[in-house]
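The values are calculated or read from the model by the stated rules, or taken from the named source; none is laboratory data. Note that the coordinates shown come from a computational prediction; the quantities given were computed from them, not determined experimentally. Don't worry about glycine lacking a Cβ; one is built from the backbone with ideal geometry, like all the others, and counts go over all protein chains shown.
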Amino acid sequence: MNTIKQNQKSFIKSKILSDQIKISLDEYIKENNKNNSNVEIGNSFCEWILYNIFELREDEVLEAIEVSGRFDNGIDAVFEYNNEICVMQGKYNNSHQIDAMIRFLEDCQRLSTEPPITDRSIVKEMCMKIRQAHENSEPINCFYITNNEFSDWEYTQLRTAIKRINDSYKNLNFNFFDHKEIQNQIEIKKGLLPKEFRDKVFTLPIEKNFEDFGTIVTMVKIKNFAEFVNKGGNTLFHSNIRNYLKGTKINKGIKRTLKEELNNFWFYNNGVTIVCDEYSVMKGLASITAPQIVNGCQTAKTLADHFKKMTPNEIRALDQEGYLLVKIIRSKRSAEESAKKELRDNITRYTNSQNAVRGLDFYALDAFQRELKNFFSQLGYYYEIQRGSFITETISSQKSYKGHECYNYLLDSVKGSKKFVLPAKEIIQSFTAGLKLMPNIAYGRANDLTPLGDKWEKIINEQTKELPIEHFLFPYLVLNFAKSELNYKNGSTDFRKNAGFLFVTTYYLFIMKFYNQISNKNYENPTDIDIKFYKVLFSNQKLNKSILKQTHKVLLTLFRDSAIVEEVGDNLRGFLQNKIHKQRIWNILETKIDQTIEDIEFEDFYNEFLTIIKRIN
């Protein structure tokens, strides 16, 4: 009876999540489809997938879908995910057909060996990356994704077609996602492992061991562990969301030890930690249900790669026997999936020493990010550390986020249930542009703003963590207003298409300069100004909107300046990434701000600003 109830409960939860995914997708398409065209609908579907399944940043999404359009050769997006190149074709509603699936197979094969048929440079550039990956025998992950559900007949036709792909295309990895698989990917964000892996049992021969606290600590022969990893594949590393960093010094050291000092591996290496749902041991063989390697990812991958390249005869001919320390931890039998995920995350976070726990997607493991999530929740916002996680919240939970009544005017044009959702990566980018005055880093080097990035410790440090939560909220709200009200977003035909983060920087520079002028200060950083001032300013809708419009005026005059026109040329992206921070350009920007301040109809503006300053002192 309990099993029946559990199955019923699981079915209801699955149906609710399925409906929530459909609602989220419909809202996104409706909000971004102004002309009700099939092309716009298809593009919006692809964007939703890139955001919520692959968790790309906005700039990454825009870059990925740039290939789509006229003469795109059957691909809607090209991007990198986990250091591997990915090709995607999205088919929404009636555009999905079995013929489209088969054609996608053929297009991916063709583009891996032949130049595309096109006159568009971006298509040629992206397809060159595909061919280079094929020539280097690197994986090419090809995704066909639709919101429909595949029929059994379609699966049969697909399997037959894939079998016809000859060995020369063996590095093409084909993935076909329908609505059920989209739901599976979203469920993973709730803590569930991939569906096909949740109850899978793997065996691992073990040597000397002891067991306590629901944990086995054991010696394992390196060759046996390498075989275990090669059989399990990437599913073993699903919870260890850090990318495998192929070129690190640590990996090179592991390889050297394997080749030269196999017997000493036991002494030189800290070992591997596995978390699983269940384990049992019989006659030196551990049976492990749903194992996840949460510490020692680099060790495990390097061992697997090393032995994968060896022939059986070479392995048998080894004159040394290396050993590895392995710790196998069992989750509580009664634990919910979210609790299991928390255990895996915490062990990953606290035990990793190799290559440090840093990486693009390690926002989810960063303690400060979790603190931000709690703080934002108190203000009425959902801080989305993992893209797509908001979809997994119940409808009542989603509706409970109402933002802050004093600041919601900055989100008036945002529609749908995600109005008060703050994406973590964009929050950090906006903070970097506004409070750190680094628009070039926020726009052009966003990967540096991750725990693995070169700028992370400069941006997120102990001093940063002491800042008021509003310093992370306000820059994002400014960016959102610029996009929704002033058209600083994709689709704009002028500088605004790429200048959203520069807008945020200019806004804060404008405020700081005006503040210094009125109060006779010499502040150099926006954070020097008391947070009380910003709170009052952002609560003053009329004054703040006026400043936002003046900020737009500054940038209009900047990009009409002959010196800037010459610097930009036909490469706006390059200008914003590589030139805007140079002293000569920065001086021009500051001059434009000064001139705009001088031209303001001064009295009312000045008096309101001065009133706020007096109010907080």
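See the values below:
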read-out	value
Residue that is among the charged types (D, E, K, R) and touching a residue at least 24 places away in the same chain (Cβ under 8 Å), where the choices are 483, 489, 458, 513	513
Single condition residue 585 does not satisfy, out of (1) under 26 Å from residue 472 (Cα atoms); (2) within 32 Å of the chain's Cα centre (by Cα); (3) among the β-branched types (Val, Ile, Thr)	(1)
Cβ-Cβ under 9 Å pairs, at least 6 apart or on other chains, segment 304-329 side in a loop (DSSP other than H, G, I, E, B), far side surrounded by 12 or more Cβ atoms within 10 Å (Cβ to Cβ) and of a type in the set (Ser, Thr, Tyr)	322/257
Lone qualifier among 130, 122, 165, 140 - being without any contact (Cβ under 8 Å) to a residue 60 or more places away in the chain, aliphatic (A, V, I, L, M), over 17 Å from residue 81 (Cα atoms) and assigned by TED's automatic domain parsing to the domain that holds residue 41	122
Hey, residue 186 more than 26 Å from residue 324 (Cβ to Cβ) and crowded, with 17+ Cβ neighbours inside 10 Å or not	yes
First in segment 372-397 and at pLDDT below 90, second anywhere and charged (D, E, K, R) and in a loop (DSSP other than H, G, I, E, B), Cβ under 7 Å, 6 or more apart	386/55; 386/189; 387/55; 388/55; 388/189; 389/189; 392/189; 392/190
Of residues in segment 460-478 being of a type in the set (A, V, I, L, M) and farther than 14 Å from residue 424 by Cα, the one surrounded by the most Cβ atoms within 10 Å (Cβ to Cβ)	478
The listed residue being of a type in the set (Ser, Thr, Tyr) and within 29 Å of residue 445 (Cα to Cα), out of 18, 24, 44	44
Single match in 520, 544, 578, 490 (criterion: within 22 Å of residue 591 (Cα to Cα), within 26 Å of the chain's Cα centre (by Cα) and of a type in the set (S, T, N, Q))	578
Every pair of residues 6+ apart whose Cβ atoms lie under 6 Å, when the first sits in segment 421-436 and is of a type in the set (S, T, N, Q) while the second is at pLDDT below 95 and part of a helix (DSSP H, G or I)	429/442; 429/446; 432/441; 432/442; 432/449; 432/459
Tally of residues being assigned to a loop (DSSP other than H, G, I, E, B) and over 20 Å from residue 505 (Cβ atoms) across segment 516-540	3
Any hit, segment 500-508, residues being surrounded by fewer than 22 Cβ atoms within 10 Å (Cβ to Cβ) and not in a loop (DSSP other than H, G, I, E, B)	no
Filtered residues of segment 112-126 (kept if of a type in the set (A, V, I, L, M, F, W, C), over 18 Å from residue 142 (Cβ atoms) and surrounded by 12 or more Cβ atoms within 10 Å (Cβ to Cβ))	122
Meets criteria (in contact with a Ser or Thr (Cβ under 6 Å, 6 or more places away or on another chain) and either over 19 Å from residue 212 (Cβ atoms) or surrounded by fewer than 21 Cβ atoms within 10 Å (Cβ to Cβ) (or both)) for residue 260	no
Residues (in contact with a Leu (Cβ under 9 Å, 6 or more places away or on another chain) and farther than 15 Å from residue 66 by Cβ) located in segment 93-129	98, 101, 102, 105, 108, 109, 112
Residue among 239, 280 that alone is closer than 22 Å to residue 202 by Cβ, at pLDDT below 85 and either within 25 Å of the chain's Cα centre (by Cα) or polar (S, T, N, Q) (or both)	239
Residue that is nearest to residue 265 (Cα to Cα), among those in segment 192-241 that are small (Gly, Ala, Ser) and buried (at least 19 other Cβ atoms within 10 Å of the Cβ)	226
3 or more residues within 20 Å of residue 147 (Cβ to Cβ) and touching a residue at least 24 places away in the same chain (Cβ under 8 Å): qualifying helices (runs of 4 or more DSSP H) within segment 1-115	2-32, 38-52, 98-113
Tally, over segment 189-215, of residues that are touching a residue at least 24 places away in the same chain (Cβ under 8 Å), over 34 Å from the mean Cα position of the chain (by Cα) and farther than 23 Å from residue 262 by Cα	1
Failed criterion for residue 274 (all others in (1) modelled with pLDDT of 80 or more; (2) over 18 Å from residue 214 (Cα atoms); (3) under 26 Å from the mean Cα position of the chain (by Cα) hold)	(2)
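For every residue, the table says whether it meets (1) farther than 15 Å from residue 232 by Cβ; (2) in the same structural domain as residue 233 (by TED's automatic domain parsing); (3) loosely packed, with under 12 Cβ neighbours inside 10 Å; (4) touching a Ser or Thr at 6+ places or on another chain (Cβ under 9 Å).
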{"site": "266", "(1), (2), (3), (4)": "yes, yes, no, no"}
{"site": "295", "(1), (2), (3), (4)": "yes, yes, no, yes"}
{"site": "303", "(1), (2), (3), (4)": "no, yes, no, no"}
{"site": "307", "(1), (2), (3), (4)": "no, yes, no, no"}
{"site": "310", "(1), (2), (3), (4)": "yes, yes, no, no"}
{"site": "315", "(1), (2), (3), (4)": "yes, yes, no, no"}
{"site": "318", "(1), (2), (3), (4)": "yes, yes, no, no"}
